[in-house]
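Novice: Here you go, one structure.
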Amino acid sequence: VAYYETLQQEIATAFRAEYLAADGTVGSGSQTSYLIALFAGLVPEELVPAAVEKLVANIHANGDRIAIGFLGVRHICPVLSAHGQHELAVKLATSTVFPSWGYSITNGATTIWERWDGWTREDGFQVPNMNSFNHYAYGSVGEWMFEWLGGIAPDPEQVGWRHFLLRPTPTSRLTHCAVDYASIRGRIASRWEANGASTNYRF
């Protein structure tokens, strides 16, 4: 534990010296730059609000659209939700504007594509040597759906789902959510439904 804690501190120090500006700008200022740094705890606590603000500004400047690939996609929704931007995370996850998960779905996708532009209305299919239509990476958003929308999360202090957390985060953009997880210790179900000013929750 001591070895890895020291290593993490050394990595964070080196990263900050090379890639973090005093105003909270990270690296090139890309969405992925902020996402990885925030997820990995490489931004000091006092600069986290500024970094989150710049990440959100980047997303807004891009027309409230994602500008990420394999490295950033795992983190965009969890990082936004964890830093007070849950509604924006849901907006990105439910968008049907290119590039987005919804764009694929509205154009006939039944599995996760390898590329956002695997097929587009304007250009048709991408190059065949790197254009799988059944590829996991962008599907990592499913983890966020279970943990944040549905609220099913493993307790980080326990192993093998011995203890878990139920903490759904409803959103004004959805009327209901239902998730089921087949854990090693049995099925876990979590459901909520918005009803006017109240939300009904069942687990």
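Novice: Quick one: what Rg and Dmax do you get for the chain from the alpha carbons, in Å?
Specialist: 18.7, 54
Novice: Taking the chain as a Gaussian network, where each spring joins two C-alpha atoms under 10 Å apart, which residue of PRO78, PRO168, PRO154 fluctuates the most?
Specialist: So, out of PRO78, PRO168, PRO154, the one fluctuating most is PRO154.
Novice: In percent, how large is the relative contact order of the chain, given Cα pairs closer than 8 Å and 6 or more residues apart?
Specialist: Result for the chain is 11 percent.
Novice: Sorted by packing (mean other beta-carbon atoms within 10 Å per residue), highest first, where do 48-54, 158-164, 146-152 land?
Specialist: In descending order of packing, they fall as 146-152, 48-54, 158-164.
Novice: With 10 Å bins from zero, work out the P(r) of the stretch 1-73 over every alpha carbon pair and list the percent per bin.
Specialist: 20, 48, 25, 5, 1
Novice: Do you know the relative contact order of the stretch 56-107, to the nearest whole percent, from alpha carbon pairs under 8 angstrom that are 6+ apart?
Specialist: 28
Novice: Okay, next question. Send over a whole-number figure in Å² for the accessible area per residue of the chain, probe 1.4 Å.
Specialist: Here the residues of the chain average 58 Å² of exposed surface.
Novice: Oh, and also: What does the net charge come to around VAL97 if you take all other residues with beta carbon closer than 11 Å to its beta carbon, with K and R at +1 and D and E at -1?
Specialist: After counting each charged neighbour, the total is +1.
Novice: Continuing with this model, one more query. List every DSSP H helix in the chain whose Cα atoms extend 15 Å or more along the helix's own long axis and whose mean Kyte-Doolittle hydropathy is at least 0.0.
Specialist: Result, helices passing both filters: 48-61.
The values are calculated or read from the model by the stated rules, or taken from the named source; none is laboratory data. Because the structure is a prediction, the values reported are computed rather than measured. FYI the Cβ positions are ideal-geometry reconstructions off the backbone, even for glycines, and counts take in every protein chain you see. Only protein heavy atoms, including side chains, enter the accessible area calculation; ligands, DNA and RNA are left aside. Shrake-Rupley method; radii C 1.70, N 1.55, O 1.52, S 1.80 Å.
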